[in-house]
Amino acid sequence: MNRNPEAPESQRGQALNLEIIDDEDLAVASALLQDAVVSGPDMEWHKGRRRFVILANRFRWEAGNFGVETKREPERVRSLLVINSVLGVSFRGISQPEAGDILCVLTLTFEPAASPGGYLRFRLAGGATLRLEVECLDMIFKDVTRPYVAPSGSVPFHDA
């Protein structure tokens, strides 16, 4: 994973600017995207350019230590995920997302197919899935705003 040393310093830590090209990078990206929320219009497939773009409001898990003891409020940041070499896009459990749809990312995994290609699978809350067929892992993950206090004021929680 390549972290850009020239990435702008955010108000409460360094902005992320990551290149994702292997399984190890993808595991980090999946952890960072857990509980990110995305609205329908913030996802676009540029079929002619073979690129899928997601603008997400991700929870800043890496900031850690939220709570009364630390006086740190939970934070979110707008992040851009650019996925290159996309051959196909499909949704399961939802139709093509529309303007009012809000999706919550739970996990991001890669299922190998004909090497080096395969399928990127975004597991979403409510049992839905976004699946991208890709020629290879070729992604950029970048924070594009300063962190802000999470509107909910709480840390996301999941039952086991």
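The values are calculated or read from the model by the stated rules, or taken from the named source; none is laboratory data. Predicted model, so just to flag it, every value in this text is computed and none were measured. Every residue, glycine as well, gets a Cβ built from its backbone with ideal geometry; the counts of neighbours run over all protein chains shown. For accessibility, only protein heavy atoms count, side chains too; no ligands or nucleic acids. Shrake-Rupley method; radii C 1.70, N 1.55, O 1.52, S 1.80 Å.
Cβ separations smaller than 8 Å between residues 6+ apart or across chains give the following pairs from segment 129-153 residues that are of a type in the set (Ser, Thr, Tyr) to residues that are open to solvent by 20 Å² or more (accessible area, probe 1.4 Å): Thr129/Phe91; Thr129/Arg92; Thr129/Gly93; Thr129/Arg121; Thr129/Arg123; Thr145/Arg78; Tyr148/Arg76.
Return yes when Asp101 is in contact with a strand residue (DSSP E or B) (Cβ under 8 Å, 6 or more places away or on another chain), at pLDDT 95 or above, of a type in the set (D, E, K, R) and more than 17 Å from His46 (Cβ to Cβ) and no when it is not. Spell out the reasoning first.
On the way: in contact with a strand residue (DSSP E or B) (Cβ under 8 Å, 6 or more places away or on another chain): yes; at pLDDT 95 or above: no; of a type in the set (D, E, K, R): yes; more than 17 Å from His46 (Cβ to Cβ): yes.
Against the criterion (in contact with a strand residue (DSSP E or B) (Cβ under 8 Å, 6 or more places away or on another chain), at pLDDT 95 or above, of a type in the set (D, E, K, R) and more than 17 Å from His46 (Cβ to Cβ)), Asp101 does not qualify.
Taken over segment 131-149, the criterion of being within 30 Å of Arg72 (Cα to Cα) and open to solvent by less than 30 Å² (accessible area, probe 1.4 Å) is satisfied by Phe141, Asp143, Pro147. Scanning segment 98-123 for residues that are closer than 14 Å to Leu87 by Cα and aromatic (Phe, Trp, Tyr) gives a single hit, Tyr119. Among the residues of segment 17-63, those identified as open to solvent by 60 Å² or more (accessible area, probe 1.4 Å) and among the aromatic types (Phe, Trp, Tyr) are Trp45, Trp61.
Among the residues of segment 100-130, none is identified as open to solvent by 70 Å² or more (accessible area, probe 1.4 Å), of a type in the set (D, E, K, R) and assigned to a loop (DSSP other than H, G, I, E, B).
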